Every structure is written in C-alpha cells, then in structure tokens.
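Structure first, commentary second.
The values are calculated or read from the model by the stated rules, or taken from the named source; none is laboratory data. What you see is a predicted model; the values in this text were computed from it and never measured. Backbone-built Cβ (ideal geometry, glycine too); neighbour counts: all protein chains shown.
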Protein chains: 2
Amino acid sequence: MVGVKKEIALEDISVRSTVNRTAPIDRVDAESMALILKAVADPARLQLLSILKYAPNQEACVCDLTAPLGLSQPTVSHHLKVLADAGLLTRERRGSWAWFSLVPLRLNELRSFLE
Amino acid sequence: MVGVKKEIALEDISVRSTVNRTAPIDRVDAESMALILKAVADPARLQLLSILKYAPNQEACVCDLTAPLGLSQPTVSHHLKVLADAGLLTRERRGSWAWFSLVPLRLNELRSFLE
DNA sequence: TATCTATATTGACGAATATCGATATACAAT
DNA sequence: ATTGTATATCGATATTCGTCAATATAGATA
C-alpha cells in the first residue's frame, strides 16, 4: 500500500454520522469522522473555507486564493484537493480556471456530528 | 525549537473564535482553531470524547478507557493529554485513579465556530 | 518500610503531513 | 502550431503524529 493515496468514500460518513446516537461511536465511525475533521484541522484549509464563505457566490478560483494565504500555488492546489476529497468543496473548470465552491450539505454533516 | 512540546494557550481561542465574523479569518485565528480541531481529528480521541459523553456523570478513569479503545495504556494516556491540553477534558485525581471529564463550554466553542 | 496498582513519561519507530521547486497538463489566443 | 497562462502532479525534505515497550511516578495498603 505504499504510495497509494487514500480517498474518502463519502457514503461512509454521510449515512452513519447523522444518526441520533444512543451509544458511543465505534472505531469505524470514528475513523470516518476523523477523516473529515482532519481535512478541516489545518490553518490553511480553514482559511480557504472561510474565504470561500465570504466570497461572492461562495466560490473562487485558485488564482484568487494563493495571495491571501501566502502559500505557493502547488501548496494551495494541494489543500484544495484535500478539501475536495473530503467532500467539502466541489471543483468546476471554466476555461483555464478551476472554480471551487463550498458544499453546505457536507459542512452541515460536520456541524450535526458535533451535536 | 527541537523537542519543545507545544501547549495550547486557551485564551488564544476562547475569545476570538466566538466573535460573529463579517470577514474571513486570518492566519492567526485559523491556527488557533486548527489546534483544537487537530485535537479532535483522531479516531481514538473521538471515541474517548464519545465514551465520556455517554458515561455516568460524563466522566471516566483511564482504566475504563483502554479496553473499549483497544489501545495500550500509554497510548490512551497520551490521547487524554492531547484532549486535556486542548481544553476539551479536565483531569482530576481521586486516590490512585485519574478521572477525566468533558468540558462542555469548550465543546460549545468548537460547535459555534462551525456556525 | 516495602509492595502493589494506576497513571504518566521517555525513547524509538514508521507513517502521515505541509511545503516547495520543478515539471506536466489543460485550455485560450494568437 | 506556438506561445502564454492557470492548474495539477511529482519528487524531495523537514516536521509532526500515533503507537508501543520500558520505565518512572504517585498514591494506597500492608
């Protein structure tokens, strides 16, 4: 498994985590939630989410995001991919640009998990 | 700075993160929030928080936590320290035992940050 | 005191992560 | 086709993280 990138299977989280709990989560559910939380638990990625939230149409392209973060273009691209893989952003190509948007439903899952 | 353990300064987060935002968070605030999110973004620590939530009095000692997690005692102790350093748990000694409790206020900060 | 038990700390290890420069790819426009 | 721009991927590196075995510490009890 060396060098194999882990992608998040969205179904793993979406269904089980939103159930009203009556008992502690098991390891499987905990690992699913940890995946989405890890995606958010980074200062650069928190800034990206926050910038998108306050952006017109809640969307932006990579070129608008490198400057406010003070990070290189590859690094910003990497963080956007992590967020997209976690289902928190969607990516849409328009000409040369890649536009990223928030996925409110996914963010709600995060919120509702924390009750 | 090699080998120096980072501890979270609770004041850094508690004040600024609960303010109603009108603009994207800056790097400093993002780093503060990332600290508490990192503490939560681990399957073992999510299980610990969840177990405590459903425990009588929302508290438990280390000896009750190693078995359900399937991890060694030092590892569980480590995770509890991470959560306590993030202000999410309090530790109280009673005789030989160390009892850990949830800090609801701190968990609310986490929730309210995600709006 | 000595001993037992519960918890914390240390030291080490492999795995994962954040970052960048260099490069590849995709698309647009000449 | 060529050139230019925007984005993605690759390769490397330094750092952080999760885990355990071994050990240390704290407190209870004999």
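Laid out as a table, the results:
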read-out	value
Any pair with Cβ under 8 angstrom, 6 or more apart, that starts in segment A:51-62 at a residue that is of a type in the set (Lys, Arg) and ends at one that is in a strand (DSSP E or B)	A:Lys53/A:Leu102
Pick from segment B:47-57, criterion farther than 8 Å from A:Pro24 by Cβ and within 14 Å of the chain's Cα centre (by Cα), ranking: farthest from DNA strand D (Cβ to nearest atom)	B:Leu52
Qualifying residue in segment B:69-92 (condition: within 13 Å of chain A (Cβ to nearest Cβ), over 12 Å from the mean Cα position of the chain (by Cα), hydrophobic (A, V, I, L, M, F, W, C) and within 14 Å of DNA strand D (Cβ to nearest atom))	yes
Index of the failed condition, A:Lys53 passing every other in (1) buried (at least 17 other Cβ atoms within 10 Å of the Cβ); (2) facing another protein chain (nearest Cβ under 9 Å)	(1)
Top-ranked residue of segment B:97-111 - restricted to ones that are touching a Leu at 6+ places or on another chain (Cβ under 7 Å) and away from DNA strand C (no atom under 12 Å from the Cβ), ranked as farthest from B:Cys63 (Cα to Cα)	B:Arg111
Residues within segment A:34-62 that are of a type in the set (Lys, Arg) and either touching an Asp or Glu at 6+ places or on another chain (Cβ under 6 Å) or farther than 13 Å from A:Val76 by Cα (or both), tallied	2
Subset of segment A:63-92 (residues that are within 29 Å of A:Ser32 (Cβ to Cβ), within 13 Å of DNA strand C (Cβ to nearest atom) and surrounded by fewer than 16 Cβ atoms within 10 Å (Cβ to Cβ))	A:Pro74, A:Thr75, A:Ser77, A:His78, A:Lys81, A:Arg91, A:Glu92
Unmet requirement for A:Glu31, which otherwise passes all of (1) in contact with a helix residue (DSSP H, G or I) (Cβ under 8 Å, 6 or more places away or on another chain); (2) under 30 Å from A:Arg93 (Cβ atoms); (3) at pLDDT 95 or above	(2)
Search result, residues across segment B:27-50 that are more than 7 Å from every other protein chain (Cβ to nearest Cβ), among the aliphatic types (A, V, I, L, M) and in contact (Cβ under 8 Å) with a residue 24 or more places away in the chain	B:Leu35, B:Ile36, B:Ala39, B:Ala44, B:Leu48, B:Leu49
